[in-house]
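Inspection log for the structure reproduced underneath, given as structure tokens.
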Amino acid sequence: MTDRPARAEISFRFRGRDVSLKGFPPDRMLLDWLREEAGARGTKEGCAEGDCGACTVVLCRERGRWASYEPVNACILMLGQIDGAELLTVEDLAQGENLHPVQQALVDFHGSQCGFCTPGVVMSLFAHYHDFGDAASRESVNAALAGNLCRCTGYRPIVEAALSVIDGRPSDRFDEDEPQRVAALQALPSGDLFVGDQTSFFAAPATEGSLVALYEAHPDAVLLGGATDVGLWVTKRLQRLRKIIWLGRIAAFNMNLSDGDGVRLGAGSSLQAALGHLASIHSDLLVIMSRFGSWQVRVSGTVGGNIANGSPIGDLAPALIALESRVELRKGGVSREMPLEAFFLGYGKQDRRSSEYVRSLYVPRPRPHQAYRAYKVSKRFDEDISAVMGAFRLDLDGRRVTAARVAYGGMAATPKRAAACEAALIGASLDDPATWEAAKAAIAADFTPLSDMRASAAYRLTVAAQLVTRALTEISGAAVPTRLGELRAAE
Ligand SMILES: Cc1cc2nc3c(=O)[nH]c(=O)nc-3n(C[C@H](O)[C@H](O)[C@H](O)COP(=O)(O)OP(=O)(O)OC[C@H]3O[C@@H](n4cnc5c(N)ncnc54)[C@H](O)[C@@H]3O)c2cc1C
Ligand code: FES
Ligand code: FES
């Protein structure tokens, strides 16, 4: 920590006032605080694991002169993570008897069937009202609602209500108050945060120097990115977390930088903020990132968390390993970098030393002679974890493959390159599918996948081999429909 004494209370805006809190358990969830202490019971608990959206609230954060309105799942967000933000819940939208336009539209279109999902739906649509500009389409509304489950499947009136009010929307009182809102957020205390004592704390360093010092002193602390994994340790595994270091207040840590050669993603960047940078590398990364969890998960979850969790079914790792990405780790102010695939040592085991953390990822752009494809295969299109994820980068000399990087998720205990498949691809001709067969057959030598609730081992092997065909078919330029939209159009 710096010489300045750390703040001992979190500070945020709520119901038009500045609020300071201390003395809460480090792993206190925002939803529990809202319902049990703040008496804000409009926000509901459904699944308690970030899947249903019943608990959606909006965090308004200051972004220079503007405010951003981000929907988050309060069930898996730690209370300390609202430091520096304004917390808006469903109770905040109406003014007296006057409903917010989004609420009124839901009434007018009979979009509210039960009291359980509606508050979360209202908050996601309110965030859409403010954060996607003033245009709305069926696609943008569907994307905004992908993390809100309506158990009675009454989506049609909900979507129609949203379209009626958001597309070409009038300004609301939140637009009118925005300058004051931003000024109030800027006036909140900032600097290092440390709530608790040496045995139990929620801390949020404001600089990387403070992070290094704190993590060296407490290597047993849990680093917290967006809590979209860690939150479930508390709500589902019922773990108690005594020491938490949240990375969300270190501005430099969230930065993403793009140039002609590649993109450097800060570990603290939210997945939503990384989306545009990754999309600039390849359109398949836009598709994958748009299907990553839900809007709520993407605005909270971070790039660093998705890599550091070491999950064999995380989406970023295989997609980025195929691009020859590198991960930067830092400990005690000293960085080291390694190929991303080398970071994953085994199930639940990464090449990370005590008090070392993931600092950034470097993702090179494919060169003109390289072709790239990445595919996520899951049971549901939205808000689902991959059963198999396959990514391919092929070096081409004319129509012949001269080198290949192929990586899969969901096929082994870690995200992993398919060495035998890569070797078999060398020399393959884009014009001769018979030359692809050895690479497809090699998948069985590369992987012995498991059967689990997402897919059987046999399904995984079949799909992984078929993805080789799909990648080569697309790269060859053959006029064969391979994408969902094209397949539907061809029907
Ligand atoms: C409903 C739902 C849907 C999801 N859908 C997807 C999906 O489609 N695809 C997918 O891949 N994942 C998905 N996830 C999983 C999760 O959202 C991602 O893995 C996310 O990127 C985790 O990031 P986080 O910042 O929230 O991590 P956290 O939960 O904050 O942390 C995860 C782990 O990483 C560690 N950590 C965090 N940051 C660092 C750092 N900088 N250095 C070292 N260690 C660090 C933490 O200590 C912890 O061990 C989903 C989760 C939920 C709840
Ligand atoms: S209660 Fe289901 S997402 Fe939070
Ligand atoms: S609105 Fe609640 S189940 Fe559909």
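Pick out, in residue order, every one of the trypsin sites (Lys or Arg not before Pro) in the range 1-46 that is DSSP loop and has at most 10 other C-beta atoms within 10 Å; say none if there are none.
The qualifying sites: there are none.
Rounded if a/c is under 1.5, else prolate if a/b beats b/c, else oblate: with a ≥ b ≥ c from the C-alpha gyration tensor eigenvalues square-rooted, which is the range 149-208?
The shape class here is oblate.
Can you put CYS47, CYS55, CYS152 in order of Cβ neighbours within 10 angstrom, beginning with the fewest?
The most exposed by this proxy come first: CYS152, CYS47, CYS55.
For a test of the definition: using alpha carbon positions, the gyration tensor, and the 1.5 limit on a/c, classify the chain as rounded, prolate or oblate. Let's see the in-between values first.
Numbers: a/c = 2.00, a/b = 1.35, b/c = 1.48.
In terms of gyration-tensor shape, oblate.
Setting aside same-chain residues fewer than 8 positions from LYS349, which lysines have a Cα under 30 Å from its Cα?
Reachable lysines: LYS236, LYS243, LYS331, LYS376, LYS379, LYS416, LYS440.
If you average the C-alpha positions of the range 327-357 and of the range 399-448 separately, how far apart do those two centres end up, in angstrom?
Answer, in whole Å: 27.
Assuming R0 = 25 Å, what is the FRET efficiency of LEU257 and GLU178, from their Cβ-Cβ distance, to the nearest 0.05?
Values: r = 28 Å, r/R0 = 1.13.
In this case the efficiency is close to 0.35.
Average projected area of the Cα convex hull of the range 176-321, in nm²?
On the way: hull surface 45.4 nm².
It is 11.4 nm².
Please compute the modelled spin-label separation between SER283 and VAL334, points set 7 Å along Cα→Cβ, answer in nm with one decimal.
Placing both labels 7 Å beyond Cα along the Cβ direction yields 4.7 nm.
Using only DSSP helix segments of four residues or longer, with each worth -39500 (n - 2.57), what per-residue ellipticity at 222 nm results for the chain after dividing by its residue count and rounding to 500?
Counting only the DSSP helices, I get -8500 deg cm²/dmol.
What GluC sites (Glu not before Pro) in the range 1-100 are in a loop by DSSP, with at most 13 other Cβ atoms within 10 Å of the Cβ?
In loop regions of the range 1-100 (DSSP not H, G, I, E or B), the sparsely surrounded GluC sites (Glu not before Pro) are GLU97.
Quick one: order TYR347, TYR362 by neighbouring beta-carbon count within 10 Å, fewest to most.
Least to most surrounded, the residues fall as TYR347, TYR362.
By counting other Cβ atoms within 10 Å of each Cβ, how are LEU265, LEU99, LEU145 ranked from fewest to most?
So the residues, fewest neighbours to most, are LEU99, LEU145, LEU265.
I need the trypsin sites (Lys or Arg not before Pro) found in the range 383-467, filtered to DSSP loop residues with at most 14 other beta carbons within 10 Å of theirs.
Answer by residue number: ARG399.
Under 1.5 on a/c is rounded, so check that first for the range 365-491, then, if it is not, pick prolate when a/b is larger than b/c and oblate when it is not; a ≥ b ≥ c are the square roots of the alpha carbon gyration tensor eigenvalues.
It comes out oblate by the Cα gyration axes.
Quote to one decimal, in nm, the extra length available between ALA187 and ASP18 on full extension: 0.36 nm per residue of separation minus the C-alpha distance between them.
Between ALA187 and ASP18, full extension yields an extra 59.9 nm.
So, in Å, what gap is there between the alpha-carbon centers of the range 220-266 and the range 151-202?
The distance from the Cα centre of the range 220-266 to that of the range 151-202 comes to 20 Å.
Where a number appears in this text, it was derived from the coordinates with a stated rule and is not lab data. Since this is a predicted model, take the numbers as computed values, not measurements. Positions of Cβ are backbone-derived with ideal geometry, glycine not excepted, and every protein chain shown enters the neighbour counts.
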